[in-house]
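Take a look at the structure below.
The values are calculated or read from the model by the stated rules, or taken from the named source; none is laboratory data. Computed from a predicted structure; not experimentally measured. Here the Cβ positions follow ideal geometry from the backbone for every residue, glycine too, while neighbour counts run over all protein chains shown.
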Amino acid sequence: MKSILFATAAATIAFVGSAQAGLLEDVKAKGFIQCGVNTGLTGFSAPNDKGKWEGFDVDFCRAMSAAVFGDADKVKYTPLTSKERFTALQSGEIDVLSRNTTWTFTRDVNLGLEFIGSNYYDGQGFMVRKDLGVKSARELDGASVCIQTGTTTELNLADYFRTHKMEFNSVVFEKADEIRAAYDAGRCDVYTTDRSGLAAQRSLLKAPEDHLVLPEVVSKEPLGPVVRHGQSEWGDVARWTLYTLIVAEELGITSANVDSMKSSKNPEVLRLLGIEGEMGKQLGVSADWAYNIVKQVGNYSEVYERHVGVNTPLKLERGINALWTQGGLMYAPPFR
Amino acid sequence: MTDNSFVRTESHPDLPPPVRHTGIIRWMRQNLFSSWFNTFLTISSLYLLYRIVPPFLEWAIFSADLSGSTYQDCTSGGACWAMVRVRFDQFMYGFFPTTERWRVDIGFLLLFATAIPLMIDGIPGKKYLAIFVFAIYPFVAFLLFHGGFGLEIVDTAQWGGLMLTLVLATVTIVVSLPLGILFALGRRSEMPIIRMICIGFIELWRGVPLITVLFMGSVMLPLFLPPGTNFDKILRTLIVMALFAAAYMAEVVRGGLQAIPKGQYEAAQAMGLSYWKTMGLIILPQALKIVIPGIVNTFIALFKDTTLVLVIGLLDFLSIIQSATTHKNWLGTSTEGYVFAAAVYWIFCFSMSRYSIRLERKLDTGHRN
């Protein structure tokens, strides 16, 4: 029964894919991008006081809109739960999914999706009280660990402790708020979830400076935007929008200096900003597409610092999300 | 002979009853301290109240912050009501465009202005009011909320907050009651096919959790529709919820139908009334009166069940509050959000149950032995 259901679903997806070959043209014709985002995840996607969506994931949609329309605000948002996000994309309800989605083999290959890259490398980490004197996750044998029920977090945790022949007692909760309260009240020694989440929760503890996020990262969670299989042109726009953000940081182009960079001596900058060459035309968008992205949304670093960086309540260091030139993983292929 | 004896000529005025048998003390002895077990319960309840109420009041009122634009501005240690204050409009209207919100106000004011007189006795012209509320108002409301005829179109994706909750609840309630009555009649019908269909429908929908049905409507259905058909998400939800509620309503109404003595049916038939007249004039007025508590119970459950739409990413009143508290400026205000949501839901549900009690009293025309 289940397999029949999936077969039918897959057939439908294939049909959807073939029927809408030119999604880029369709999007241009309808005049806006329908973007799937999280219903609420601190720093990544949440409505602000004026009812406008903002966050790290939201800014990716705005960057795409700047590339396609020259206006970052031509986006309509569809808030999605984790369960319906892939269907929304497969059925064509949304054009791009930018919702802290982990890139995995099954999702990329089996679900008819196409991950266009990773814009945030997350991973599961551990937080402990400083006065425990623990400096490494390897010293956590016998600890009681607060976790959220029914998540991959739970499985990763079990795997990690089993690999290192350690014991743990899990204290399981339904919601992040409950875990935080329990951890703060001392009901468990360790709080484990994705490191971006740990940072957000740490800022809400009674005394955040008394707590420490351990250096170990026990799972790989590359988060990135997703499009449908078979939408190559549209996927290219999404992929090179992401790389524009990264390469702009690498080349030192910011929203503040992008105008003066137009007279730069660096040929790659000139190609990127559409002064030379015809990259925009090849991509199917206007010549100043990258200029619009950087001007209206900023480069990767600006987006990062605006929503999740050290000056936000999340206080996340760049870490592995730094540029490859600074020891991180953010790397964009050359623009030539 | 001098009479030294003292004979009292007037009676002594009544002494006040012993202090232990009057007023508050008597009441307390009778109600709070009548046995050692009750005394124990009283004292422990008082202790619990003492532990809960003053800290709650301290948190919610005395040391609460009302102004500020981020959580960091709430410094006094109590509740951060600033969040609710700043976001109040968003909680009410969702993402409805600010310049068009008057339409929502008018829509609901119109509903209250016409529906409340319907519930009050002795107001003339109720027939016309009822026709307006049930036949004309839905179209007016659709026009106001969605737009058209010169009004700017507001995409249903921009609906949210309390407005969305009320739309979901009202539409499901209004659609499910008549549908439910039809299914209840169908289930007791003597025509086998109709009876089978109704039983099948009722048992199918009652046998599935609402969340499953919502997932079906929002996740599976789009996969089977031809590509490009954009079947509105809120419409899908409304249909699914109305059918779900109708199945429950049908069983409540059937309970009422079964409670009517057979003599009533036979008497109606003896008078030569047709099936619909029998039902409309004799059976249903009595049956529905009996099941008012059940109907209102279903309505209240339905109103609260609307919060389940958060699993399909619709930002109703509860989930828009949850979203708001994840914004980086308001991280840490989820308790305030939930307390506010609970208060608002309680007001609505309590009003419904009060109205149902009034209705029962009004319609209580005897039959009790």
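Structure values in brief
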| quantity | calculated |
| --- | --- |
| Of the criteria (1) under 15 Å from the mean Cα position of the chain (by Cα); (2) within 12 Å of another protein chain (Cβ to nearest Cβ); (3) not hydrophobic (A, V, I, L, M, F, W, C), which one A:GLY51 fails | (1) |
| B:GLY94 vs. criteria within 12 Å of chain A (Cβ to nearest Cβ) and exposed (fewer than 13 other Cβ atoms within 10 Å of the Cβ) | no |
| Unmet requirement for A:TYR331, which otherwise passes all of (1) farther than 28 Å from A:PHE69 by Cα; (2) in contact (Cβ under 8 Å) with a residue 60 or more places away in the chain; (3) aromatic (Phe, Trp, Tyr) | (1) |
| Residue in segment B:356-368 that is surrounded by 14 or more Cβ atoms within 10 Å (Cβ to Cβ), over 12 Å from the mean Cα position of the chain (by Cα), touching a residue at least 60 places away in the same chain (Cβ under 8 Å) and within 14 Å of chain A (Cβ to nearest Cβ) present | no |
| Criterion violated by B:GLU336 - all others in (1) over 30 Å from A:LYS83 (Cβ atoms); (2) at pLDDT 90 or above; (3) of a type in the set (Asp, Glu) satisfied | (1) |
| Among the residues listed as B:ALA113, B:ALA135, the single one being surrounded by fewer than 16 Cβ atoms within 10 Å (Cβ to Cβ), within 29 Å of B:LEU318 (Cα to Cα) and not assigned by TED's automatic domain parsing to the domain that holds B:TRP276 | B:ALA113 |
| Test: residue in segment B:199-218 that is surrounded by fewer than 15 Cβ atoms within 10 Å (Cβ to Cβ), closer than 26 Å to A:ALA88 by Cβ, at pLDDT below 90 and among the aromatic types (Phe, Trp, Tyr) | no |
| Selected residue (criterion: farthest from the other protein chains (Cβ to nearest Cβ)) from residues of segment B:229-254 that are among the polar types (S, T, N, Q) and surrounded by fewer than 13 Cβ atoms within 10 Å (Cβ to Cβ) | B:THR229 |
| Any chance B:PRO226 is within 14 Å of chain A (Cβ to nearest Cβ), crowded, with 19+ Cβ neighbours inside 10 Å and more than 18 Å from B:ILE173 (Cβ to Cβ) | no |
| 3 or more residues surrounded by 20 or more Cβ atoms within 10 Å (Cβ to Cβ) and within 14 Å of chain A (Cβ to nearest Cβ): qualifying helices (runs of 4 or more DSSP H) within segment B:262-354 | B:317-324 |
| Cβ-Cβ under 8 Å pairs, at least 6 apart or on other chains, segment B:84-106 side more than 18 Å from B:GLU336 (Cα to Cα) and in contact (Cβ under 8 Å) with a residue 12 or more places away in the chain, far side of a type in the set (Asp, Glu) and in a helix (DSSP H, G or I) | B:ARG101/B:ASP89 |
| Qualifying residue in segment A:59-68 (condition: at negative phi, buried (at least 24 other Cβ atoms within 10 Å of the Cβ), in contact with a His (Cβ under 9 Å, 6 or more places away or on another chain) and part of a helix (DSSP H, G or I)) | yes |
| Failed item, numbered, when B:SER67 is tested on (1) touching a residue at least 40 places away in the same chain (Cβ under 8 Å); (2) within 23 Å of A:LYS50 (Cα to Cα) | (1) |
| Enumerated strands (runs of 3 or more DSSP E) restricted to segment A:69-170, each holding at least 1 residues that are of a type in the set (Ser, Thr, Tyr) and touching a Phe, Trp or Tyr at 6+ places or on another chain (Cβ under 8 Å) | A:75-80, A:120-122, A:143-148 |
| Sole exception among (1) under 16 Å from B:GLY147 (Cα atoms); (2) at pLDDT below 90; (3) among the hydrophobic types (A, V, I, L, M, F, W, C) for B:CYS74, by number | (1) |
| Test set (1) within 11 Å of the chain's Cα centre (by Cα); (2) at the interface with chain B (Cβ under 10 Å from one of its Cβ atoms); (3) under 26 Å from A:GLY284 (Cβ atoms) - A:SER118 fails condition number | (2) |
| Any hit, segment A:41-48, residues being among the hydroxyl-bearing types (Ser, Thr, Tyr), in the same structural domain as A:ARG239 (by TED's automatic domain parsing), modelled with pLDDT under 90 and buried (at least 24 other Cβ atoms within 10 Å of the Cβ) | yes |
| Filter result (within 22 Å of A:GLU305 (Cα to Cα) and part of a strand (DSSP E or B)) within segment A:36-57 | A:VAL37, A:ASN38, A:LEU41, A:SER45, A:ALA46, A:PRO47, A:TRP53, A:GLU54 |
| Of residues in segment A:189-210 being closer than 15 Å to A:ALA137 by Cα and touching a helix residue (DSSP H, G or I) at 6+ places or on another chain (Cβ under 7 Å), the one surrounded by the fewest Cβ atoms within 10 Å (Cβ to Cβ) | A:ASP189 |
| Check on A:VAL213, surrounded by 18 or more Cβ atoms within 10 Å (Cβ to Cβ) and of a type in the set (Val, Ile, Thr) | no |
| Residue count, segment A:171-198 (criterion: acidic (Asp, Glu) and not in a loop (DSSP other than H, G, I, E, B)) | 4 |
| Tally, over segment A:127-155, of residues that are of a type outside the set (D, E, K, R) and farther than 27 Å from A:LYS83 by Cβ | 11 |
